[in-house]
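> If you scroll down you'll find the structure; I have some questions about it.
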Amino acid sequence: PDTFYVLDTAGVITPATRNHIISRNDALFALCGAQVVVVCVPSTEGMGISDYTLQLFNKWGIGSAEKNNGVLILLSISDDNYWILQGKGLEDLLSSGTLKQMVNADLEPHFAKKEYDAGAKAMFDSVCAHLASVYNVELDTWSGAPGPYTQGGTDIREDSGDTLDIFIWAI
């Protein structure tokens with residue numbers, strides 16, 4: 001996308017939420033290298049949502065390459081499903097159990113009512129607040145220039161599919 005932090009091909013994110021996600025990510029990335037990307041798609045087109053999320057996460061290289069500290073929030077609207085994936089560097093700092101609590105409190109109530117924008121924003125804010133806390137940074141006081149919208153990390157999962165891409169290219 002034109003901005004790395006938000007991709008909304010489903011048309012459910014408002015401009016205000018989009019701008020909020022971008023500005024918070026600018027601060028988060030500048031202060032600790034973490035990135036929280038929000039993607040809303042109409043469908044994963046038959047692909048399992050966890051596989052879809054993993055492939056997108058690895059292809060984009062979300063988070064700092066050194067810290068593997070990215071998070072991807074994926075909403076698949078017509079599939080009526082979502083998936084949150086954290087980088088390996090966050091598995092202890094932002095555990096799956098913590099993510100599940102955030103989902104239950106912040107995303108699921110909105111998602112069930114088809115309030116996708118509100119759910120995405122609430123989940124994004126929870127993840128950002130948690131990361132700011134564990135990295136001991138203050139996002140509200142950051143006043144730097146917007147950061148580059150570039151892929152920060154590298155493949156952090158073993159089954160990234162890169163071997164297949166290289167094999168196909170070689171043929």
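The values are calculated or read from the model by the stated rules, or taken from the named source; none is laboratory data. What you see is a predicted model, and the numbers here were worked out from it, not measured in a lab. Here the Cβ is made from the backbone with ideal geometry for all residues, glycine too, and neighbour counts use every protein chain on show. Note: accessible area is taken over every heavy atom of the protein model, side chains too, but ligands, DNA and RNA are not part of it. Shrake-Rupley method; radii C 1.70, N 1.55, O 1.52, S 1.80 Å.
> What pairs can you find where one residue is in the range 96-109 and of a type in the set (V, I, T), the other is in a helix (DSSP H, G or I) and open to solvent by 40 Å² or more (accessible area, probe 1.4 Å), and their Cβ atoms are less than 8 Å apart, with a gap of 6+ or different chains?
T98/H130
> What residue, among those in the range 17-33 that are at pLDDT 95 or above and either of a type in the set (D, E) or open to solvent by less than 10 Å² (accessible area, probe 1.4 Å) (or both), is nearest to the chain's Cα centre (by Cα)?
Taking the candidates together, the pick is I21.
> Let me ask something else about it. Mind listing whichever residues of the range 46-76 are open to solvent by 10 Å² or more (accessible area, probe 1.4 Å), of a type in the set (V, I, T) and in contact (Cβ under 8 Å) with a residue 40 or more places away in the chain?
Selection gives nothing.
> Okay, next question. Anything in the range 1-16 that is open to solvent by 50 Å² or more (accessible area, probe 1.4 Å), part of a loop (DSSP other than H, G, I, E, B) and either out of contact with any Leu (no Cβ under 9 Å at 6 or more places or on another chain) or closer than 22 Å to W142 by Cα (or both)? List them, or say none.
If the condition is that a residue be open to solvent by 50 Å² or more (accessible area, probe 1.4 Å), part of a loop (DSSP other than H, G, I, E, B) and either out of contact with any Leu (no Cβ under 9 Å at 6 or more places or on another chain) or closer than 22 Å to W142 by Cα (or both), then D2, T9, G11, T14 are the ones that fit.
> Write out, first by first residue and then by second, each pair whose Cβ atoms fall under 7 Å of each other, whose residues are 6+ apart or on separate chains, and whose first residue, in the range 34-45, is among the basic types (K, R) while the second is open to solvent by less than 10 Å² (accessible area, probe 1.4 Å).
Listed by first residue and then by second, the contacts come to nothing, as the list is empty.
> Here's a check for you: in the range 77-102, which residue that is part of a helix (DSSP H, G or I) and of a type in the set (S, T, Y) is surrounded by the fewest Cβ atoms within 10 Å (Cβ to Cβ)?
Restricting to residues being part of a helix (DSSP H, G or I) and of a type in the set (S, T, Y), the top hit is S96.
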